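Take a look at the structure set out below.
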Amino acid sequence: KIKLPKKTARRYPAYELYLYGEGNYAEENKNLLLTGIPVLFLPGNAGSYKQVRSLGSIALRKAEDVDFKYHFNFFSINFNEELVALYGGSLQRQTKFVHECIKVILKLYRGREFAPTSVAIVGHSMGGLVARALLTLKNFKPELINLLITQATPHVAPVLPLDKYLTDFYAAVNNHWTLKAQDLRNLTTLSVAGGFRDYQVRSGLAFLPRLSQHDSALSVVSSAVPRAWASTDHLSIVWCKELILATIRALFDLIDENTRQITEDPKKRMSVLKHHFVRHPAKIFEENPEAFSELTGMIIIPAVCIIKTYLFLGAFMWITVKASKWTYSVYNDSDGKYFAFPLASYRKSYSHVYCENTMLDTNSWIYGCMNSNSLTCLEATDLSWRAELLPTTKVVILKLKDYPSLSHVVIQVPPAAGNKYTLTCEFFQEDSRTVQLPVTHLFSFGLSSSKILLNSSGLLYNVQLQHFNQIYQAFKIYIESHCQSLKERKPSVYRLHIPWSHEDSIIVAKVPSLTEISAKLHIAQPQNDSRVPELNIYSSSDCQYEIFIYISYAYPYILVFQIIRFHAGALPVYVISNILLTYGGQLSTLMSTGQCSDFALELVRTAKPYKVEPLISIVVFLQGFNWFREIWESLSLPEVDAAVLSSQDAWFPLVSLILFLFGTGIAYWSGVFFSTSLRLFSSLWLSLMRPAVLQKDNKLITPRRLCGVLSLVLVSWTTCGAFAIFIIYLQYLFKVLK
């Protein structure tokens, strides 16, 4: 526990600051003579400060691997496990306390040789929002933080907007980040969402607002993170080993060797984050990798010969390949080899070259030969940086038109001692490997499906999913593979690629097999984006693939689940709307006939969608005008649910009608259950305490009621008005029972 200044401790008595450590490292740092790089962890709603252990422990192991040349000091804040996702009144207080903690942390390094001037922050859930809110404080200096990593943080809007404190806090943070985006260029932000397994915070809310600066903000889903490729639930994202490893590797790659702190270069910070969280080339990160290599002495002739080079040690065999498809299996090869593909013979017939390597090391393996004559390769570029790491292989796809100066593509096969792996290359025409598959329409109701058969012998296919661009779309993709022989093959890799956001999902499947892929979106397609989602199939050469998209006859239920997924927070509003319409009908009947009609009968008679839907549509339309929005806000009216969801591209046709019908059903069965419960408890009360006479209560104000009112005013003043109303509700419920 870190001792805080008396003024800070007195102002925030419920909060604490801790430094994490274990083993000898913990003993050495008890006196707080710190020399590392400070990282501050902020827990989320009801989160524990001890959740920092996953990051701190793996970072310590990584520091031990480099003999403590660099190391990180992980701090964590105890927010007393406050429920800030349910009550927003504590968010501003937490933000101010974090500001004080940052100043305390930096003071601990004062006078050190490589003293830090900023702190990196990792925030889980609402902790990430608190970190973003630091920039809205008047006295906060933006240079105090230069890196922010958030885990499953709902950036766009609260999951449940339960009070005005919460919505106002979100509005202040997002408005600041939108209007003052230019002032935030020094801060690099990474948001990692959990994917479909996170039922508490859907990933669409975890994407940073689109109007924020694009060059310093990055949003990804964990299923798309290289070497993780998995969805996480809301809590496990904190300790998921694959994600923690990616985070720690990124932190170490962000260190500036001169300052021994996180680099001040925003471009390098973003390059490192993209390297570890977006596209990993299966190479160790280099800030400025050598674009060209001198290959003097590499002789290219269409025969086998032994050469010596200045770039590689030892004797290598040089082989020219002119086939359009080539496979080479390596096992205990004592001699290294170069396989050269002369591009002049391929450019006329093919548009792309695809190569894959099942040796998942970090060495360079593919080069492009430049400025060559018929005998000598004078200069080469390392094409390994164009590669992409997949679960079972690393692949390179090159468009030949983009490399007009290349004369050869060269594959390097180093001597293999006990290693067994396979290299494969093929040249192909893009049109022959790209097929279009239309997605079944919303109103097909499971009565239609789409199907294609890929019967060529290619290694790569791109299946474009036409009209797949809305968040309410949900369907199954089935891929069935048939192979000519039963020999052992490498598994196939299927990737559902969404081009407008980093939310890809990757599945590894045995061959032959039948694989099911669930296709859903976290983010709808932006209006100015015409790209199409793709299903990338990294296949085996002698297998056929049959792909069909299927929406089951239970599609109405799937649509309902999608509505609940995106609009569950708006459902209570529609339930209350139905109840209020019913109460209005009951009051009208009471005034006209003198008798109160039955709730269920009145609900069926009065709760009609046309009494609500037109009003919603009109208000949402008028919300698009600034003058109407100003009048709405001046009346202190809350934001309309439909307007908020429309701004998030989460509102789609018929959703309001379906929610209203849901609200009608919930209100009806709630009324039946409540009426039955009321009669049951009344009968129980009557059997226990049968009154002699029914007491008449004609006076409006009595001393007892006056005391009760004053007590409830005191309760609402000290806690909240909702609690006082709930007490009144229980009082009248008891009165009806009695």
Any hit, the stretch 465-479, residues being surrounded by 17 or more Cβ atoms within 10 Å (Cβ to Cβ) and more than 30 Å from TRP651 (Cα to Cα): yes
From ASN31, ASN24, ASN78, residue being more than 24 Å from ARG112 (Cα to Cα) and polar (S, T, N, Q): ASN78
Filter result (open to solvent by 30 Å² or more (accessible area, probe 1.4 Å), of a type in the set (A, V, I, L, M, F, W, C) and at pLDDT below 60) within the stretch 263-304: ILE299, ILE301, ALA303, VAL304
Positions within the stretch 346-372 being more than 14 Å from CYS425 (Cβ to Cβ) and hydroxyl-bearing (Ser, Thr, Tyr), in sequence order: SER349, SER351, THR362, SER364, SER372
Residue in the stretch 505-545 that is least open to solvent (accessible area, probe 1.4 Å), counting only those that are basic (Lys, Arg) and more than 25 Å from VAL353 (Cβ to Cβ): LYS520
Where a residue in the stretch 360-376 is closer than 10 Å to HIS408 by Cα and modelled with pLDDT under 90 and its partner, wherever it lies, is open to solvent by 50 Å² or more (accessible area, probe 1.4 Å) and small (Gly, Ala, Ser), with Cβ under 6 Å and at least six apart: MET370/SER405
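Output the residue which, of all residues in the stretch 718-738 that are of a type outside the set (Val, Ile, Thr) and touching a helix residue (DSSP H, G or I) at 6+ places or on another chain (Cβ under 7 Å), is surrounded by the most Cβ atoms within 10 Å (Cβ to Cβ). Give the derivation first.
First pass over the stretch 718-738, keeping only residues of a type outside the set (Val, Ile, Thr): 720-724, 726, 729-735, 737-738.
Pick out the ones that are also touching a helix residue (DSSP H, G or I) at 6+ places or on another chain (Cβ under 7 Å) and you get 723-724, 737-738.
Numbers: PHE723: 12, ALA724: 19, LEU737: 15, LYS738: 12.
Among them, the one singled out is ALA724.
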Matching residues in the stretch 637-669 - criterion: being under 28 Å from ARG605 (Cα atoms), open to solvent by 60 Å² or more (accessible area, probe 1.4 Å), of a type outside the set (A, V, I, L, M) and at pLDDT 75 or above: PHE662, TYR668, TRP669
Pair list, Cβ under 8 Å, 6 or more apart: the stretch 265-279 residue without any contact (Cβ under 8 Å) to a residue 12 or more places away in the chain and over 17 Å from THR247 (Cβ atoms), other residue open to solvent by less than 60 Å² (accessible area, probe 1.4 Å) and not in a helix (DSSP H, G or I): ASP265/ASP256
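Tell me, which helices (runs of 4 or more DSSP H) wholly within the stretch 1-91 include 3 or more residues that are without any contact (Cβ under 8 Å) to a residue 60 or more places away in the chain and in contact with a strand residue (DSSP E or B) (Cβ under 9 Å, 6 or more places away or on another chain)?
Working: elements: 6-11, 23-28, 53-65.
Correct list: 53-65.
Out of curiosity, is LEU218 buried (at least 17 other Cβ atoms within 10 Å of the Cβ), under 20 Å from ARG279 (Cβ atoms) and touching a residue at least 60 places away in the same chain (Cβ under 8 Å)? Steps first, answer last, please.
Working: buried (at least 17 other Cβ atoms within 10 Å of the Cβ): yes; under 20 Å from ARG279 (Cβ atoms): yes; touching a residue at least 60 places away in the same chain (Cβ under 8 Å): yes.
It is true that LEU218 is buried (at least 17 other Cβ atoms within 10 Å of the Cβ), under 20 Å from ARG279 (Cβ atoms) and touching a residue at least 60 places away in the same chain (Cβ under 8 Å).
Out of LEU184, LEU144, LEU166, LEU106, I need the residue that is aliphatic (A, V, I, L, M), open to solvent by 10 Å² or more (accessible area, probe 1.4 Å) and in contact with a Pro (Cβ under 8 Å, 6 or more places away or on another chain). Which one? Outline the logic, then answer.
Numbers: LEU184 fails: open to solvent by 10 Å² or more (accessible area, probe 1.4 Å); LEU144 fails: in contact with a Pro (Cβ under 8 Å, 6 or more places away or on another chain); LEU166 fails: open to solvent by 10 Å² or more (accessible area, probe 1.4 Å).
Answer to the selection: LEU106.
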Unmet requirement for SER518, which otherwise passes all of (1) polar (S, T, N, Q); (2) more than 30 Å from TRP326 (Cα to Cα); (3) assigned to a loop (DSSP other than H, G, I, E, B): (3)
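Just to be sure before I move on: is THR178 in a strand (DSSP E or B) and over 20 Å from GLU100 (Cβ atoms) in the structure I sent? Before the answer, list the steps.
Details: in a strand (DSSP E or B): no; over 20 Å from GLU100 (Cβ atoms): yes.
Here the answer is no, as THR178 does not meet what is asked.
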Looking only at the stretch 681-697, and only at residues there that are under 13 Å from LEU737 (Cβ atoms) and part of a loop (DSSP other than H, G, I, E, B), the one that is modelled with the highest pLDDT: MET689
Residues of the stretch 486-515 satisfying the condition of being touching a residue at least 40 places away in the same chain (Cβ under 8 Å) and farther than 23 Å from PHE468 by Cα: ARG489, LYS490, PRO491, SER492
Odd one out for SER236, checked against (1) surrounded by fewer than 21 Cβ atoms within 10 Å (Cβ to Cβ); (2) under 23 Å from ASP65 (Cα atoms); (3) among the hydroxyl-bearing types (Ser, Thr, Tyr): (2)
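Quick one: would you say THR259 is in the same structural domain as THR153 (by the TED database) and open to solvent by less than 10 Å² (accessible area, probe 1.4 Å)?
Numbers: in the same structural domain as THR153 (by the TED database): yes; open to solvent by less than 10 Å² (accessible area, probe 1.4 Å): no.
Judged against the criteria, THR259 is not a match.
Just checking, does the stretch 311-332 include any residue being among the aliphatic types (A, V, I, L, M), within 33 Å of the chain's Cα centre (by Cα), on the phi < 0 side of the Ramachandran plot and modelled with pLDDT of 85 or more?
Within the stretch 311-332, the subset among the aliphatic types (A, V, I, L, M) is 311, 313, 315, 317, 319, 321, 323, 330.
From what's left, within 33 Å of the chain's Cα centre (by Cα): none.
No; the residues of the stretch 311-332 include none that is among the aliphatic types (A, V, I, L, M), within 33 Å of the chain's Cα centre (by Cα), on the phi < 0 side of the Ramachandran plot and modelled with pLDDT of 85 or more.
Mind checking whether some residue in the stretch 447-459 is of a type in the set (Ser, Thr, Tyr), out of contact with any strand residue (DSSP E or B) (no Cβ under 7 Å at 6 or more places or on another chain), part of a helix (DSSP H, G or I) and open to solvent by 50 Å² or more (accessible area, probe 1.4 Å)?
Start the filter on the stretch 447-459 by keeping residues that are of a type in the set (Ser, Thr, Tyr), which leaves 448-450, 456-457.
Retained after the next criterion (residues that are out of contact with any strand residue (DSSP E or B) (no Cβ under 7 Å at 6 or more places or on another chain)): 448, 456-457.
Still in the list and also part of a helix (DSSP H, G or I): none.
No, the stretch 447-459 contains no residue that is of a type in the set (Ser, Thr, Tyr), out of contact with any strand residue (DSSP E or B) (no Cβ under 7 Å at 6 or more places or on another chain), part of a helix (DSSP H, G or I) and open to solvent by 50 Å² or more (accessible area, probe 1.4 Å).
Only residues that are of a type in the set (Val, Ile, Thr) and within 17 Å of ILE506 (Cβ to Cβ): list them for the stretch 464-493, please. If you could, list the steps in order and put the result at the bottom.
The first filter runs over the stretch 464-493 and keeps only residues of a type in the set (Val, Ile, Thr), leaving 471, 477, 479, 493.
Answer for the stretch 464-493, where residues must be of a type in the set (Val, Ile, Thr) and within 17 Å of ILE506 (Cβ to Cβ): ILE477, ILE479, VAL493.
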Positions within the stretch 389-411 being surrounded by fewer than 19 Cβ atoms within 10 Å (Cβ to Cβ) and either of a type in the set (S, T, N, Q) or out of contact with any Leu (no Cβ under 9 Å at 6 or more places or on another chain) (or both), in sequence order: PRO391, THR392, LYS399, LYS401, ASP402, PRO404, SER405
First in the stretch 386-415 and more than 21 Å from PHE285 (Cβ to Cβ) and assigned by the TED database to the domain that holds VAL330, second anywhere and open to solvent by 50 Å² or more (accessible area, probe 1.4 Å) and at pLDDT 90 or above, Cβ under 6 Å, 6 or more apart: LEU400/ARG347
Residues satisfying the stated conditions in the stretch 572-612, i.e. closer than 27 Å to ALA643 by Cβ and either in the same structural domain as HIS522 (by the TED database) or open to solvent by 60 Å² or more (accessible area, probe 1.4 Å) (or both): PRO572, VAL573, ILE576, LEU580, TYR583, LYS608, TYR610, LYS611
Residue count for the stretch 480-497, restricted to those that are of a type outside the set (A, V, I, L, M, F, W, C), within 28 Å of ARG565 (Cα to Cα) and open to solvent by less than 40 Å² (accessible area, probe 1.4 Å): 2
Residues satisfying the stated conditions in the stretch 151-163, i.e. crowded, with 23+ Cβ neighbours inside 10 Å and either free of Cβ contacts under 8 Å to residues at least 60 places away in the same chain or assigned to a loop (DSSP other than H, G, I, E, B) (or both): ALA152, THR153, PRO154, HIS155
The one condition in (1) among the aliphatic types (A, V, I, L, M); (2) touching a His at 6+ places or on another chain (Cβ under 9 Å); (3) open to solvent by 50 Å² or more (accessible area, probe 1.4 Å) that LEU33 fails to fulfil: (2)
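The values are calculated or read from the model by the stated rules, or taken from the named source; none is laboratory data. In this text, all values refer to a predicted model and were calculated from it rather than measured experimentally. Backbone-built Cβ (ideal geometry, glycine too); neighbour counts: all protein chains shown. Just the protein is used for accessible areas: all its heavy atoms, side chains included, with ligands, DNA and RNA removed. Shrake-Rupley method; radii C 1.70, N 1.55, O 1.52, S 1.80 Å.
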